[in-house]
Amino acid sequence: MDIKALVQQLSALTKRLNAKQKATILAALVGVVALVALLIVYASPKNYDDGYRELFGDLSAKDAGLIVQQLETQGVKFKIPEEGVIFVPKEQVNRVRMNMATQGLPRDSRPGFELFDAQEFGATDFDQQVKLLRAREGELSATIESLDSVKSAKVHLAIPKESVFVSKEVPPTASVVIALRDGMQINRQQALGVKHLVAYAVPKLTIENVRIVNEEGIPIGEEDALTTAGELARSQLRFKREYEQVYENKIVQMLGQFLGGSDKAVARVTIDFDFSQRNSTHVVYDPNNVARSEQSSEYKREGSRPREIGGVPGAVSNIGPVQGLEDDRLREKEQKSENTINYEVSSKTSEIKGEFATINRITAAVAVDGRYRAPKGDGSAKGELEYAPLSASELGAIESLVKQAIGFNVDRKDEVTVSNFEFKAGITPTGEEPLAWLAKYFDPIYPALQYLLAAIALFIFYAKVIKPFINRMMEIPVVEEEERPKPIEFEDDELEEDSDRLKELRDRVEAQLGIGSGADEEKLKYDVLLERLREACEEKPKEVAQLVDSLLHDEITKSGVKI
């Protein structure tokens, strides 16, 4: 880059500018420099003093008070530019931070699982449980504070001792205090998310046992009866409206295909929903029996009974039968068998959960436009169209289509009404609105066309406003000579002819008066010119005045006299 050539060009440009342009450019440069300096000052860190640096920031009032007290005790100078921020001399920042750390400041920090980094000799199981509780509370508090709308959070956990008896177990509970940022709010869904976060971080803790309050002590996210009913009603109304909108769009799009456009039909659908949910259990028995088990048993017995001896009491009857004497008629034989089959009736059990909403009744009202055609005869004005309503058969066909589209059910006592009306006049003979075809092709490219129109508008503004202004500011004024009126010119032929005529007249007068015939030509020319000037002054006084003014101006300019 040739610096010398650049300097020469700038010098030449400066010489060509007038005083007004130089002042304008100088003011613009000063404004730009001031603006850049202002942005640098405000964008730079707020040190407030070149000799001070930030010691701690975003401190609570309690920690800030303790740190200020320690700084005063140690004799360290400090500044408090805003609440929660402390500045000390830059050469003492590191030393003061280490001193404060040895004293446990700031104390409002959230201790987490780093509490277990240092092992203490002789720590009891109770100490370890307390550390674990503090670590959980600190980690949960830090996690909740990471949310955009939360300024600070404090979590308290109540975890009871475990019991070997299940009936005596007490579930843990948790309470959360949240301070929101200015202008921020937390809705029910966000509060429910915080409850889920806390509940899933602690064993055996349920969402129902987590309570959230704000800094004013007002519960957040509690499901009271009024809030629940309001949200349920809003969801039901939104569901009903969306369902009806689907039916209406279906009818309009269907009828618009043969009526000449979606603007030729208007549909309004009302659906009566039943939002009561009913759960049921359905059991189906199989008529074919199925053998589940079968048992078989068999019993056999064979032998004889003891012989009974009767007779007269005495020795013989007391002795009994004589051995070797047997009677085959006294033998016994017994046999029994048993078979048991157990049958079972098979069944199928299904639990049916009721729908969110069931349709009780559907009513639809449909209005359609007729046809427009050129009137017959010459009596009507040119361009007017005649409205022709649809026939009864066409309305019946439309009603049948609408019933099929909405799923018409006679048992539900559904109702559909189709009416024919004249929507608007001025339709073209083809049945379409003017430029309707253009809108059909224009809608898809409308978003891109918006940016194109904005770019064209900016270009026109630049070409018509900004660029001419820049050109006027940078153009070099050229001192143009004032347009001077042309001097009065006399043709030589006219001057000579007048001179000759005047000479003849003069000679004749002198001859009559007896004066000599000698005449001065220069004097004659002067007299003729004076006569012509006198006539010119009488005929064109303005041009003569401008000529005199221009001559005086030139003489004054040449002489250097300033007026």
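The values are calculated or read from the model by the stated rules, or taken from the named source; none is laboratory data. Because the structure is a prediction, the values reported are computed rather than measured. FYI the Cβ positions are ideal-geometry reconstructions off the backbone, even for glycines, and counts take in every protein chain you see. For accessibility, only protein heavy atoms count, side chains too; no ligands or nucleic acids. Shrake-Rupley method; radii C 1.70, N 1.55, O 1.52, S 1.80 Å.
Quick rundown of the values:
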| item | result |
| --- | --- |
| Rounded FRET efficiency, nearest 0.05, which uses the C-beta distance separating TYR526 from ILE556 and R0 of 35 Å | 0.85 |
| Sequence of LEU529, LEU71, LEU259 from largest to smallest accessible area, 1.4 Å probe | LEU529, LEU259, LEU71 |
| Distant-in-sequence amide H partners of LYS151 (H built 1.01 Å from N, under 5 Å) | ALA179, LEU180, ARG181 |
| Calculated from backbone phi, Karplus (6.51, -1.76, 1.60) coupling profile of region 53-62 in Hz, x at Gly/Pro | 10, 6, 8, 9, x, 6, 8, 6, 5, 5 |
| Amide H contacts under 5 Å for LEU205, placed H, 5+ residues apart | none |
| Distance (nanometres) between label positions extended 7 Å along Cα→Cβ at PHE423 and ASP549 | 7.3 |
| Carbon and sulfur %, accessible surface of region 58-160 computed with the full protein complex present, 1.4 Å | 52 |
| Under 5 Å, built H, 5+ apart or other chain: amide partners of VAL416 | ALA364 |
| Förster radius 25 Å - calculated FRET efficiency between LYS240 and SER149 (Cβ-Cβ, nearest 0.05) | 0.20 |
| Long pairs among LYS62/LYS195; LYS353/LYS403; LYS62/LYS161, criterion Cα-Cα beyond 32 Å | LYS62/LYS161 |
| Förster-model FRET efficiency, 22 Å R0, LYS464 and ALA28, C-beta, rounded to 0.05 | 0.55 |
| Region 254-302 versus region 148-165: alpha-carbon centroid distance in Å | 47 |
| SER347 versus ARG53: modelled label distance in nm, points set 7 Å from Cα along the beta carbon direction | 8.2 |
| Potential extension, ARG278-GLN103 segment - 0.36 nm per residue separation minus Cα distance | 56.5 nm |
| Label-point separation in nm, CYS537 to ASN249, each point 7 Å along Cα→Cβ | 9.5 |
| Potential lengthening between ALA388 and LEU192 on full extension [0.36 nm per residue; Cα-Cα distance subtracted] | 64.5 nm |
| Peptides ranked, highest mean first, by Cβ atoms within 10 Å: ranges 454-463, 155-164, 393-402 | 393-402, 155-164, 454-463 |
| Per residue value of the accessible surface for region 100-223 (all protein chains in place, 1.4 Å probe), Å² | 67 |
